[in-house]
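Let me begin by presenting the structure, written as structure tokens, before commenting on it.
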Amino acid sequence: MADNNVYIRKIILSVLGFLLLIFSGISFYKHRHLEEHVVLGEGVTEVKKLSDYFDGVKGTINDCNIYILEGKEPGATLFVMGASHPEEPAGRLAPWIFVENGVMEKGRLIVVLSANRSGTTVTRLGGGYPPDYTIPTGWGEQKFRMGDRWANPLDQWPDPEVYIHYPSRQNLAYVDIRNLNRAWPGRPNGTLTEKTCYAFMELIRKEKVDIFIDLHEAELQYPVISTIVAHEKGHELAAVVSMVLTDMGEFNMGMEYSPKSLHGLSHREVGDFSDAISLLFEAPEPFLDATRGKTTREQLLTGKDEFIVKAGEHGLLFEKIDENGWPIDVRVGRHTSAVLMTMEIWTEEHPDMSLVCINVPGYAEVIENGIGYYLKDPFRANPERVIIE
Amino acid sequence: MNILMSIITVIYYLLVAYTAVILIYNLIKTKTWEKEALYIIVLLPFLLRLFRLK
Ligand SMILES: [Zn+2]
């Protein structure tokens with residue numbers, strides 16, 4: 001009789017465990033396979049794949065789309081990269097607005113929305129992160145995959161004890177072997193992440209990119225925030241962009257030098273291993289702060305968090321925060337404005353190699369109308385102009 | 001290096017499967033409900049990785 005009870009108990013507990021497995025498994029599977037639609041704006045003249053530049057990423061999850069906006073008149077080539085860190089959504093939504101709205105009058109714009117595409121299919125393991133987030137639009141809601149700082153361990157495994165960066169041989173944290181922004185310039189026979197970086201380097205070299213911009217977000221407890229990190233080739237450009245943005249009074253934008261001894265990061269290696277000027281933009285994202293309260297979609301999108309406000313009262317932050325938080329529109333607006341300003345300043349200094357982009361909203365417009373205003377309805381668009389990201 | 005990583009990955013998945021089997025075996029053998037619950041909770045991430053869900 002007692003034995004029977006034990007068996008029944010084991011079965012009940014196992015069924016409960018099995019249900020947990022099923023529900024969590026479905027959630028993880030749906031997240032990894034969530035299809036995001038991109039409606040190509042009239043400015044997009046061609047969509048390529050990353051493997052067009054390096055065969056080694058063909059057939060892998062990181063063979064992302066490359067959106068090319070060829071200008072009506074020739075000029076310089078600017079490459080804007082999103083989702084180097086897919087847990088930083090403003091770094092992905094800002095370039096999304098360029099692809100769906102931007103038109104290049106002069107010069108050429110290359111845009112990537114999922115640089116570490118593998119990292120867009122997973123959230124931090126054991127972190128209880130939301131798998132997705134939705135942006136309200138005039139035609140309904142658009143859902144996006146929330147991602148992680150690192151590539152999905154299902155796509156790249158194992159992690160070493162210590163990650164030795166190639167080619168500098170600098171020792172980095174083991175997990176950063178899956179961090180796209182620690183694997184530059186990559187190598188053709190390396191890990192998936194290194195191959196992905198190598199493919200982007202090939203793109204930069206083959207397309208003769210003049211300026212490369214890597215879009216990020218940072219926690220408020222991290223000193224590199226609300227700033228442009230610039231390779232020495234881009235010091236002058238970044239300094240003027242940061243000065244003009246700050247002087248215009250819309251928002252503060254700092255400028256920092258890319259350290260020469262810090263390897264694997266795009267602002268260092270892209271500049272060192274190609275002719276391009278490499279810049280990295282950081283916006284504030286309270287969701288990334290370790291002292292945050294609830295890890296929810298709401299916190300991700302509003303950037304409101306009383307615990308981080310408290311940390312600020314104790315002087316622990318490198319960026320201000322109040323009860324208004326850091327809404328996603330503000331963070332995306334910072335990025336669109338900063339990219340547009342980079343084009344403007346560059347064009348003033350290089351009139352023979354201009355970059356002129358129209359139809360992309362700046363800081364004030366994004367905040368006034370919301371991001372959703374600039375996202376197009378994929379179900380009412382010409383199906384030939386809709387791409388799965 | 002890629003070949004080495006592939007070999008380690010295969011060994012890793014075999015270890016995950018082996019550990020999952022051991023956990024299930026212990027789950028069947030144990031007599032206390034606390035341990036049963038614990039084995040099930042510990043088993044979940046192993047199965048999620050084995051089935052390549054997370
Ligand atoms: Zn980042």
| message | Connecting C-alpha atoms closer than 10 Å in a GNM of chain A, tell me which of A:E285, A:E250, A:E161 has the biggest fluctuation. | response | A:E161
| query | Peptide B:6-19: average number of partner chain Cβ atoms within 10 Å per residue? | reply | 1
| query | Taking the convex hull of the alpha carbon atoms in region A:321-389, what volume per residue do you get, in Å³? | reply | 145
| query | Along region A:93-105, what does the Karplus equation 6.51 cos²θ - 1.76 cosθ + 1.60 (θ = phi - 60°) give for ³J(HN,Hα), rounded to whole Hz, x for Gly and Pro? | reply | 6, 4, x, 4, 5, 5, 5, 7, 10, x, 9, 8, 7
| message | For the protein assembly as shown, what does the accessible surface come to per residue with a 1.4 Å probe? Please give it in Å². | response | 45
| message | Please check: in the Gaussian network model of chain A (C-alpha springs, under 10 Å), which one of A:G59, A:G107, A:G372 has the largest mean-square fluctuation. | response | A:G59
| remark: Between A:I12 and A:E298, Cβ-based FRET efficiency (R0 45 Å, step 0.05) works out to 0.80
| Computed E for B:I8/A:V224 - FRET, C-beta separation, R0 25 angstrom, nearest 0.05 | 0.15
| query | What is the antiparallel percent of DSSP beta bridges lying wholly in the protein assembly as shown, to the nearest 5? | reply | 55
| Any idea what the dipole of the protein assembly as shown comes to, in debye rounded to 20, about its Cα centre with Lys/Arg Cβ at +1 and Asp/Glu Cβ at -1? | 2300
| said: At 1.4 Å probe size, with the rest of the protein present, what percent of the exposed accessible area of the protein assembly as shown is carbon and sulfur atoms? | reply: 58
| request: For region A:129-163 and region A:244-304, write down the distance between their C-alpha centroids in whole Å. | output: 18
| query | How large is Rg over Rh for region A:34-388, taking Rg from the Cα atoms and Rh as the Kirkwood inverse mean of 1/r across Cα pairs? | reply | 0.93
| said: Among A:V270, A:V240, A:V122, which one shows the highest mean-square fluctuation when chain A is modelled as a Gaussian network with alpha-carbon springs under 10 Å? | reply: A:V240
| request: Quick one: P(r) of chain B from all Cα-Cα pairs, 10 Å bins, percents rounded to integers, in order of increasing distance. | output: 24, 42, 23, 9, 2
| In nm, spacing of pseudo-spin labels at A:L34 and A:D352 (7 Å Cα→C-beta vector) | 4.8
| request: Under 1.5 on a/c is rounded, so check that first for region A:52-169, then, if it is not, pick prolate when a/b is larger than b/c and oblate when it is not; a ≥ b ≥ c are the square roots of the alpha carbon gyration tensor eigenvalues. | output: oblate
| request: Compute the length gained on full extension between A:F251 and A:K49: take 0.36 nm times their separation in residues and subtract their Cα-Cα distance, giving the result in nm to one decimal. | output: 69.2 nm
| Can you give the Kirkwood hydrodynamic radius of region A:274-314 from its Cα pairs, in Å with one decimal? | 11.9
| remark: Among residues of region A:7-31, a drop of 50 Å² or more in 1.4 Å probe accessible area, assembly relative to the chain on its own, occurs for A:R9, A:K10, A:L13, A:L21, A:F28
| field | Helix-derived mean residue ellipticity, 222 nm - over chain A, DSSP H n ≥ 4, -39500 (n - 2.57), to 500 | value | -10000 deg cm²/dmol
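The values are calculated or read from the model by the stated rules, or taken from the named source; none is laboratory data. Bear in mind the structure is a predicted one, so any value in this text is a computation, not a measurement. Every residue, glycine among them, receives a Cβ derived from its backbone with ideal geometry; neighbour counts consider all protein chains shown. Accessible surface is based on the protein model in full, side chains and every heavy atom, while ligands, DNA and RNA are left aside. Shrake-Rupley method; radii C 1.70, N 1.55, O 1.52, S 1.80 Å.
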